[in-house]
Amino acid sequence: MLYPALPLFELPDDVPDAVVTELDRAAAVVWADPRSAITALRTGLERLMDAQGVPARNKVGRHLSLHQRLVDFRTGAAAGTTDAATRVEASDLLEAVKWVGNDGTHTGSTPITAADVLEIAEFIEIALKMLYAPNNAAALARAKRIIASKALVR
């Protein structure tokens, strides 16, 4: 084991600190206690929904489940700047993490291995890159201009 733990994956720069904290917590225990690591990943989803502006409580102040928050994120019912197509794709990955996290955190009916945690962490990695990767529109537009002219275009 190493301290501090090696990160589970490379994060985009703009990922909120509260999410990073939970991912670091998962990395610290993944080899010793995979079930705790999966719980940390699930908690990271809660912090991600906070960062995306998805309320944790409804209009009358009752706590919303992580599942409901993910539904609100997917449908765009909550604040956020992510486009609809990206939200839907990221939501699929995040919901899969939630289901595994629920089982690992609450019921424990399925044995969780370090390999399972790493696979589920990959889902989070992909979703975070979708949500927080830098905008590549300018580079893609320039590439298209170069392709169209078949030469360097400034």
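Values quoted throughout were computed directly from the atomic coordinates according to the rules given, and no laboratory measurement underlies them. Small disclaimer: the values here were computed from a predicted structure and weren't measured.
The table below gives the values:
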| read-out | value |
| --- | --- |
| Theoretical gain in end-to-end length, HIS63 to ALA137 [0.36 nm per residue, Cα-Cα removed] | 22.8 nm |
| Potential lengthening between ALA84 and ILE146 on full extension [0.36 nm per residue; Cα-Cα distance subtracted] | 19.4 nm |
| In sequence order, calculated HN-Hα J values of region 7-13 (Karplus, 6.51, -1.76, 1.60; Hz; x Gly/Pro) | x, 5, 6, 7, 9, x, 4 |
| Full-stretch length increase - GLU119, ALA32 - with 0.36 nm per residue and alpha-carbon distance subtracted | 29.7 nm |
| Structure-derived P(r) over Cα pairs in 10 Å bins from 0, in percent: which label, when the choices are (i) 11, 36, 29, 14, 7, 2, 0; (ii) 9, 25, 23, 14, 8, 7, 6, 6, 3, 1; (iii) 11, 38, 34, 10, 5, 2, 0 | (i) |
| 5 angstrom amide H check on VAL30, placed H, neighbours 5+ away | none |
| Helix runs (DSSP H) in the chain reaching 24 Å along axis by Cα, Kyte-Doolittle at least 0.0 | 84-102, 114-132 |
| Lysines whose Cα lies under 30 Å from that of LYS59, excluding same-chain neighbours fewer than 8 positions away | LYS98 |
